[in-house]
Structures are given as structure tokens and as C-alpha cells.
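Notes for the one structure printed next.
Bear in mind these aren't lab numbers, they're just calculated from the coordinates by the rules spelled out. This structure is a prediction, so every number in the text was calculated from the model and none was measured. When we count neighbours, we look across all protein chains shown, and the Cβ atoms used for this are built from the backbone with ideal geometry, even at glycine.
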Amino acid sequence: MERKDFLKGLGLVGLGSLAVPIISSCGSDDDSSTDSSATDTTQATDTGSSSGSSTCTVSPSETAGPFPTKSPSSLVKSDITSDRTGVPFTINITIQNKNASCAALAGAIVDIWHCDKDGYYSEYGGTGMQSADFTAVHFLRGRQITNANGLVSFTSIFPGWYSGRATHIHVHIYNSAGTSLLVTQIAFPEGSGSAVVLVNASTANGYTKGMSGYTYNANDNVFSDGVSSELSTVTGSVAAGFVLTHTINVAG
């Protein structure tokens, strides 16, 4: 069972109701300031934890909605950037099998999706939930199969954010036969030296929102009960790009 039902928390019955009002942000933790001394070569100093799940337990289950990939099997690719612009971003996810003492799970199918620098998702739009209409395109969505080390890697751009949610990535994992094992989400470190802060100060790369109105993990509907096993490690700089590393445990 999921730790919480994100859509239910918004007053929805399920994914079938897509005409959702835009989510309000939590102003109490908003931070409009940026580090004026930071440059594009500043290295992220708040990088999170690479361990993912610190013990051999299944990672938390989270909602896939409200923007799940509609036909993931048609999006088998490692470079999911498409026409989106932003700070270069590499996503490295390792899948481990809790039923085998958290050994690497080879042959698992891994789907990911996230928003663009402006907070928009492909395959959706033209509604109260997302005014920009991207229903006919499929950017920032992709599928890969884990190698012998349980690893998949994707080339992308650093996600932006939208009202009511912290920066995040959605992940859906299946076994080699296509049976769903876990739907979860990946959280990002948010300290003053974090990649989230550095990227959102990068107006030269099109990130125009800054951190004003940002909803932090502690106030996010999905992550507010804790992100200890969902927090990724993010290293790098705006100039060189960032690399996310994260481990997810499933019952394979």
C-alpha cells in the first residue's frame, strides 16, 4: 500500500479525474533568496545520501499520478531530453531485490518521467491542472532495462518545479515479465548549496522561477512524512551538469 494517496489528499477519487485545480504552494518554507556569490562552476555542497534505502527493505510506494506515462513501452531510450532545454542532468538508478538480500536486480524494466524546467509534463495539458498543452509530445519520459549491476542511466535536463510539489522524479519498476513491482518517487536535497538552489538561480539556462514559492520536501504532499529512503545524491555544477545517484529496493 502507498504511504499516502497524493490524489486523495487533493480531494480526488483517482487518476480518472484530470481536471485538477493548480496546487497551492506552502509559503511558510518559501525562500526567495539566492546565493549571489554562486557561479556556474559552484559545486553542489548539499548532495543528499547515495544509499537510497539504508536497510534491506522495500522502498516506499508512491502515487504515479497525476501525469503517468501513457504508453511507456513505446519510449525505450536512454536520452529522454527530446527538445527540452536546461541544465544537463544524468540520472543513475540502481534496482535491488529485497527478496535476495538486496542483491542487484538485473533485467528489471524501469520507467521514469519528470517535468521540464518550467514545471510542465509531456502527454498532458490544456486543462486547469496544466495550462500548457503538451498532449502530443513525449519529452522527459523513458524506459530502460537494468544491467547486471541493476543499473539504468538516463540523459535528461534538471527538472524544474511547480506549485505544491518539491523537485522530484517518478519511477515505475517492473520485473522482466512486465509485472509491476513498485511505483515510487525520488526526492532531491534542498540545502542552501544544493543543486536545486543552484539550478533555479540559473536564469541563463531558462530557470526563471528561482525559489520563491517553492514547496520544500517537508511540506510536500508526497514527501512530508520523510524522505530518508527516497532522497537521492546529486553532485556537479551548473556549468558541468549534475549527476543523480539513487538506489531503489523492490520485492523482485
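Mind giving me the FRET efficiency for Ser71 and Ala239? R0 is 41 Å, r the Cβ-Cβ distance, nearest 0.05 is fine.
Result of the calculation: an efficiency of 0.70.
Relative to the compact-globule scaling 2.2 N^0.38 Å, provide the ratio for the alpha-carbon radius of gyration of the range 67-174.
On the way: Rg = 14.5 Å, N = 108, 2.2 N^0.38 = 13.0 Å.
Computed over Cα atoms of the range 67-174, the ratio equals 1.12.
What ranking do Lys70, Lys209, Lys98, Lys117 get, fewest neighbouring Cβ atoms within 10 angstrom at the top? Numbers along the way, then the final one.
On the way: Lys70 13, Lys209 16, Lys98 20, Lys117 23.
With the sparsest Cβ surroundings first, the list reads Lys70, Lys209, Lys98, Lys117.
Let me test this: with uniform point scatterers at the alpha carbons of the range 94-252, what is the Debye-based log₁₀ I(q)/I(0) at q = 0.12 1/Å?
Treating every Cα as an identical point scatterer, log10 I(q)/I(0) equals -0.56.
Under 5 Å between amide H atoms, partner at least 5 residues away or on a different chain: which partners does Val87 have, H built in plane at 1.01 Å?
Amide H neighbours of Val87, under 5 Å, 5+ apart: Phe158.
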